[in-house]
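Contents: one structure, followed by commentary.
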Amino acid sequence: MSKKEDYTADEWKAIAAAPFLAGLYVSMADPSGLIGIAKEAMAIGKAISESGTNAEIEVVRSLAESLKAGGFSARPELPDIPKHDRAAARGAMADQLSKAVAVVAAKSPAEGEAYKAWLLTAATKAAEAAREGGF
């Protein structure tokens, strides 16, 4: 099982940004306006905070705890994503998500698949939060 301290700053940056990128990836599939985007973002935040107490994956618990401890200022720094090319943006997000999963799998093989499944769960919650609802 791995914790924040087991990763470099760049690796943790990728891990911390991944759930937000997963939610953004889903949001880009079918934009639902500012209110829908806000609902999707809140769903991601809720998925992370709920994971702080009941996740079986140590890296997810560490992520939830670090975000909770830092409050709003602990929001992860997202990587640069192309702004004017939707396909390029989705490709960049997919690459970043793959990087985060690979980092966890390399440092803690037992957590790799579970982390990937957790990201899918977070993305699903984001998709279900806005009015078009679901995958």
Condition check for K83: modelled with pLDDT under 90, surrounded by fewer than 18 Cβ atoms within 10 Å (Cβ to Cβ) and either aliphatic (A, V, I, L, M) or not in a helix (DSSP H, G or I) (or both)
yes
Picking from E40, E11, the residue that is of a type in the set (D, E, K, R) and over 17 Å from S108 (Cβ atoms) would be E40
Expected output for region 35-50 (first residue in contact (Cβ under 8 Å) with a residue 60 or more places away in the chain, partner among the aromatic types (F, W, Y) and in a helix (DSSP H, G or I), Cβ below 9 Å, 6+ apart or cross-chain) is A41/F20; I44/F20; A47/W118; I48/F20
Selection over region 88-135 where residues are modelled with pLDDT of 90 or more and polar (S, T, N, Q) yields a count of 3
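The values are calculated or read from the model by the stated rules, or taken from the named source; none is laboratory data. Quantities reported herein were computed from a predicted structural model and do not represent experimental measurements. Because the Cβ atoms are built from the backbone with ideal geometry, glycine has one as well, and the counts that use them run over all protein chains shown.
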